[in-house]
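The values are calculated or read from the model by the stated rules, or taken from the named source; none is laboratory data. Since the model is a prediction, treat every value here as computed from it, not as a measurement. Positions of Cβ are generated from backbone atoms using ideal geometry, with glycine treated the same way; all protein chains shown enter the neighbour counts.
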Amino acid sequence: MQLFLLRHAEAESNAASDELRALTARGTKQAEAIGKFCLQHDFIPEIILSSPLTRAEETARLVARELKLPKLVQIAQFLRAGMTTERAFFGLRESLTFLTKREKYAENAGIMLVGHEPDFSNLAGVLIGGRAQSVHFRKATLMGVTLEELKPGAGTIEFLIPAKCA
């Protein structure tokens with residue numbers, strides 16, 4: 001399985017609540033750039049799972065729009081800010097179960113997760129058998145991880161691209 005971890009793009013610092021923080025104009029450009037980068041390099045996920053927080057969902061929808069696949073985005077509660085690695089593995093297993101029931105699913109299909117820090121550093125560290133400090137996700141950073149199986153330490157980092165390089 002190919003797993004893409006994407007931290008949400010730059011968001012406004014103030015809003016009625018943390019959950020409602022929207023992307024800034026810069027954040028919109030970052031998300032669009034990541035989507036274009038994915039399209040140019042044929043990093044096309046089977047599904048994009050997003051945190052329900054506004055900034056993550058906006059990031060996911062902009063990436064999907066650039067991929068010309070706007071219906072790929074699904075909101076996943078397990079990606080809410082504060083996600084534990086246990087919750088991430090459970091949510092991924094449920095998503096894989098759903099995908100395997102689809103007719104066109106391939107074993108090497110990609111799943112993109114759009115979420116938050118420090119959640120993604122923790123998850124990436126566990127996936128590659130390292131520590132959370134081994135990986136740092138700036139805003140709109142995209143990481144590709146190949147997983148032979150969904151378990152701690154089974155991942156290999158394929159790339160880590162900050163938005164400014166996309």
For residue 31, which of the numbered conditions (1) in contact (Cβ under 8 Å) with a residue 60 or more places away in the chain; (2) in a helix (DSSP H, G or I); (3) over 18 Å from residue 110 (Cβ atoms) fails to hold?
(3)
Being surrounded by 17 or more Cβ atoms within 10 Å (Cβ to Cβ) and not charged (D, E, K, R) is the filter here; which residues of segment 72-85 pass it?
72, 73, 76, 78, 79, 81, 83
Any hit, segment 115-125, residues being in contact (Cβ under 8 Å) with a residue 40 or more places away in the chain, part of a strand (DSSP E or B), within 23 Å of residue 46 (Cβ to Cβ) and within 11 Å of the chain's Cα centre (by Cα):
yes
Looking across segment 131-166 at residues that are polar (S, T, N, Q) and surrounded by 15 or more Cβ atoms within 10 Å (Cβ to Cβ), the single one that is farthest from residue 34 (Cα to Cα) is 146
Flag if residue 88 is touching a Leu at 6+ places or on another chain (Cβ under 6 Å), within 18 Å of residue 19 (Cβ to Cβ) and either without any contact (Cβ under 8 Å) to a residue 40 or more places away in the chain or surrounded by fewer than 16 Cβ atoms within 10 Å (Cβ to Cβ) (or both):
no
Do the conditions hold for residue 44, that is, is it outside any helix (DSSP H, G or I) and closer than 18 Å to residue 143 by Cα?
yes
So which residues in segment 10-28 are modelled with pLDDT under 95, surrounded by fewer than 14 Cβ atoms within 10 Å (Cβ to Cβ) and out of contact with any Ser or Thr (no Cβ under 6 Å at 6 or more places or on another chain), if there are any at all?
13, 14, 15, 16, 17, 18
Just need a number here: residues in segment 118-149 that are under 17 Å from residue 86 (Cβ atoms), among the aliphatic types (A, V, I, L, M) and at pLDDT below 90.
1
Considering every residue within segment 48-71, establish whether at least one is surrounded by fewer than 16 Cβ atoms within 10 Å (Cβ to Cβ) and hydrophobic (A, V, I, L, M, F, W, C).
no
